[in-house]
Amino acid sequence: MKKLLIVAIVLIPCFTKAQEYKVAQNTGRLEIQLGKVIVEGYSGNEIIFTSMYENTSKDTRAEGLRAINGLGIEDNTGLGVNVTRNANTVIVKQLKKVEAPEIKIKVPKGVIVSFQYESQYGGVVKLRNMENEIEVSARYNSIEMENVTGPMIVKTIYGHVEAKFANSIKSPVSVVSVYGYVDVSLPVETRANLRLSSSYGEILVSPDLKLEVNREGMDNNSGRIQGKLGGGGDLNMDLSSNYGKIYLRKKN
């Protein structure tokens, strides 16, 4: 019986509570400079940074010390990132050049979210359940958005962009990838003034969206389409990919 009990104890996995770092702020800006990240909107008054990495081993030699990089930026959160505040702007940066930390950030709805990352080691950026204004300027990152409203200006050079919009979309919306594809899902009842452009790729649109194309001044080989969804409205939407395809589909 004792042997069985010992074996059972050994087989129990070792879980550690996810580390968090909180900043009291529900307005202003959050500037993210991380290789990859998950950002979620919520109704709260704090920006909450959470480590998604469960470290089961403890480095006893590191007790009382902080990680630091060549620019003098130190880990002041215990999550492998540096968080600072400048007036009404919160800035988060990673320390390592190559390996980005596994971080999730919960952001109050009133905070503008700005993501900027230029390194070739950029990964996937996920934005979920957000009514926030979104700004993205990336080089290698792919951007995946779900249940977002805008307004937004999103641009990546080498990554792709996927966006599934909520029922209420705020203008303006600009989604651009230079070399990757752009895949956007819209509610069928969306009313928008639409511009689609791809210099070397195809533009594919779901018939369910009933796009009314404005043919005036257009050319068969221009790679540009202007039109209206639902007769048009206050929403201006611009989707562009120079070398990739554009997919515009009905949201399921």
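What follows draws every value from the coordinates through simple rules; no lab data is involved. Bear in mind the structure is a predicted one, so any value in this text is a computation, not a measurement. For neighbour counting, all protein chains shown are included, and Cβ atoms are generated from backbone atoms with ideal geometry for every residue, glycine included.
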- Efficiency by 1/(1 + (r/R0)^6): what FRET value for residue 213 and residue 116, r their Cβ-Cβ distance, R0 = 30 Å, to the nearest 0.05? 0.30
- Note on the structure: Expressed in µm² per second, the diffusion coefficient of region 149-252 from the Stokes-Einstein equation, with Rh the Kirkwood radius over alpha carbon pairs, at 25 °C and 0.890 mPa s, is 182
- Message: Ignoring solvent entirely, what values of log10 I(q)/I(0) come out of the Debye formula for the chain at 0.15 Å⁻¹ when each Cα is a single scatterer?
- Response: -1.03
- Task: Within region 21-80, list the trypsin sites (Lys or Arg not before Pro) lying in a DSSP loop whose Cβ has at most 10 other Cβ atoms in a 10 Å radius.
- Result: 58
- Message: List the GluC sites (Glu not before Pro) within region 156-216 that DSSP assigns to loop and that have no more than 11 neighbouring Cβ atoms inside 10 Å.
- Response: 189, 216
- Query: For region 117-201, which chymotrypsin sites (Phe, Trp or Tyr not before Pro) are both in a DSSP coil and crowded by at most 13 other Cβ atoms within 10 Å?
  - Reply: 200
- Task: Can you tell me the dipole magnitude for the chain around its Cα centre, using point charges on the Cβ only (Lys, Arg +1; Asp, Glu -1), in Debye to the nearest 20?
- Result: 500
- Query: Given 0.36 nm per residue, what is the gain on full extension from residue 88 to residue 23 after removing their alpha carbon distance, in nm?
  - Reply: 22.3 nm
- Task: Name the residue farthest towards the positive end of the dipole of the chain from the options 112, 98, 134, assuming +1 on Cβ of Lys and Arg, -1 on Cβ of Asp and Glu, about the Cα centre.
- Result: 98
- Message: In region 168-205, whose amide N lies under 14 Å from the spot 7 Å out along Cα-to-Cβ of residue 224? List them in ranges.
- Response: 194-200
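Under unit Cβ charges (Lys, Arg +1; Asp, Glu -1), what dipole magnitude, rounded to 20 debye, does region 149-252 have relative to its Cα centre? The partial results should precede the final answer.
Working: 13 positive and 10 negative charges, 32 e Å.
Around 160 debye, computed over region 149-252.
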- Expected unfolding gain across residue 76-residue 195 under the 0.36 nm per residue rule, minus the alpha-carbon gap, is 38.4 nm
